[in-house]
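A quick write-up on the structure given underneath.
The values are calculated or read from the model by the stated rules, or taken from the named source; none is laboratory data. Treat the numbers as computed from the prediction; the structure is a model and nothing was measured. Neighbour counts are summed over all protein chains in view; Cβ atoms, including those assigned to glycine, are modelled from backbone coordinates with ideal geometry. With ligands, DNA and RNA removed, areas are computed over all heavy atoms of the protein, side chains included. Shrake-Rupley method; radii C 1.70, N 1.55, O 1.52, S 1.80 Å.
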Amino acid sequence: MAEYTDLGGAGDELPELSDSEDEDQWMEEDDGQETEERVSCLFCDRFLCSVSETLLHCRVDHDVSVADLVKKHRLDDYGYIKMINYIRTAKCSVESLASCSGDGLPWSGDEFMKPALPDDPLLQIDVTELGGDTADDNVSTWVRRAQQAEENLSRAMEDLRKLKTFAQGLVLNSDVIQKCVGSVAELREDEDEAYFSSYGHYSIHEEMLKDKVRTESYRDFMFGNPDLFKDTVVLDVGCGTGILSMFAARSGARKVIGVDQSDIIYHAMDIVRANNLEDTITLIKGRIEDVELPVEKVDIIISEWMGYFLLFESMLDSVIFARERYLAERGSVYPDLCTISLAAVSDSEKHQDRIAYWDDVYGFKMSCMKKAVIPEAVVEVLNPETVISESTVIQTLDCNAVTLSELEFSADFTLKITANSYCTAVVGYFDIFFDRACTNKVMFSTSPQCTKTHWKQTVFFLENPIPVQSGDELPGRITVCKNKKDPRALIVTLNIADGKQTYCVQ
């Protein structure tokens, strides 16, 4: 039987990765006044208030329909971007633009992939949105979609602000938690744009790429199993910069399709072209639930969908959708096996600093603050010496068979204590396996005992430390469900030593 290659074991430490506090900071900064979008006309010095007004202005005042140009020259995303940048760079007149025809279009050079204007809103249009029977239809359709998108994004940001401020009061009472278990929260598409926007910036992808445990595990799985990928069609769900798609292509896949909703996919297109893989890899912008793939079935689905405590972000939902819609009968999803584990923690110093601190603050009692502090699960790299129990697996997911309803669950567990101490917290982490039909099996762990990853560990602090002795068996029960106000976040309830506490993972 083949041995696993374990890239999550003890070894050289990775550089310290950025904390989620940065995300909170930018969200707070965004709470200020909204800036008005200003779009420069393609043919004159006017600035319009939106993309839709700019398209209409070009149509009415300059007699140029951008939609008709796209249709006339059969432009794809690349062709459209090049055309816009050419018009702006060459200060093209309406007459010279109208005379362009045939294969020798003046914007065919790669130099026109560089934006002529920084953050040009006209470059953010999905070419498919410009399709239609007439120019008027194209403009009116875009106006309606743009207005709807603005309304949706405004509502989503307002919901996120409310969630940030009132989450504890809205989701942490027991009645809500009980109703949560057994029913699957649904993601509203209009409320999901902020999530995908966060993945549009390069920094989050840099952090993931520099996580060697993560990235090299996927690489070693694919490069180590070329027979698995030879002449196959592969789907990469949430492809980001396209690194997994390129691994698959180099492993022998005949065709690779990468899908991502965030704007990072435009960089991925450039990366694929720079590596001469555009004949093998096709990239599609959109949610996997909304796009149509150029094939009916795929042989393999790969995805790096894992979040904090494995299930944070709910991206496994999209992988399950892709599996049910596109995976061939004998196809496989990778990684194919995942486990979630718990262990007891004893760290009196951190418990004092985070929880007991509020008992006496400069001589004043602030214990009421614990109600706000304790329910927030902490994502951090744990000192492995603070773990005082054996680990126990609370959930195992087979990605080739798991259903949406199984992503919300309850489980009994027992923590076998290994030291005389006080249990101040419970830590959660996950293990990932590339196993099915693999000649060279690969796995990695996010355990505090292993090389740290950007997922770190998830720590649930207890309000009152529990005295334990080596050999004790500490029983408990855990319930995990989606946050009804933000289905990408998690609600975790721990029953342990006659105490009960509910936490948010967000």
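About its Cα centre, the stretch 366-442 has a charge dipole of approximately 160 debye under the convention of +1 per Lys or Arg Cβ and -1 per Asp or Glu Cβ, with nothing else charged. Arg250 sits among other residues whose Cβ lies under 15 Å from its own Cβ, and their net charge, with Lys and Arg +1 and Asp and Glu -1, is -3.
Within the straight-line cut-off of under 21 Å between alpha carbons, the lysines reachable from Lys484 are Lys162, Lys164, Lys179, Lys371, Lys500, sequence neighbours fewer than 8 places apart in one chain being disregarded. Within the shell of other residues whose beta carbon sits under 13 angstrom from the beta carbon of His351, the net charge comes to -2, with Lys and Arg scored +1 and Asp and Glu -1.
Mind checking which of Ile257, Pro294, Val272 is farthest towards the positive end of the stretch 201-304's charge dipole, using Cβ charges of +1 (Lys, Arg) and -1 (Asp, Glu) about the Cα centre? Checked the options; the winner is Val272. Across all C-alpha atoms in the stretch 256-308, the radius of gyration and Dmax reach 11.8, 35 Å. The label-point distance for Val373 and Asp110, in a model that sets each label 7 Å from Cα toward Cβ, rounds to 5.6 nm.
Among the listed pairs Lys365/Lys456; Lys456/Lys482; Lys72/Lys297; Lys255/Lys441; Lys255/Lys482, give every one whose C-alpha distance is greater than 27 Å. Numbers along the way, then the final one.
Numbers: Lys365/Lys456 33 Å; Lys456/Lys482 21 Å; Lys72/Lys297 32 Å; Lys255/Lys441 23 Å; Lys255/Lys482 35 Å.
Flagged as over cut-off: Lys365/Lys456; Lys72/Lys297; Lys255/Lys482.
A Förster distance of 45 Å, applied to the separation of the beta-carbon atoms of Arg74 and Ala401, puts the FRET efficiency at 0.60. Report, to the nearest whole %, how much of the accessible area of the stretch 231-338 belongs to carbon and sulfur atoms, 1.4 Å probe, protein only. With neighbouring chains kept in place, the figure for the stretch 231-338 is 43 percent. Electrostatic bookkeeping for Thr280 treats Lys and Arg as +1 and Asp and Glu as -1; over the other residues with beta carbon under 11 Å from its beta carbon, the sum is +1.
Please report the carbon-and-sulfur percent of the accessible area for the stretch 353-506; probe 1.4 Å, protein heavy atoms only, DNA, RNA and ligands left out. So the carbon and sulfur contribution to the accessible surface is 47 percent. Taken per residue, the accessible surface of the stretch 369-506 reaches 39 Å², heavy atoms only and a 1.4 Å probe.
For the stretch 263-363, GluC sites (Glu not before Pro) meeting the loop criterion (DSSP other than H, G, I, E, B) and having at most 10 other Cβ atoms within 10 Å: Glu292, Glu296.
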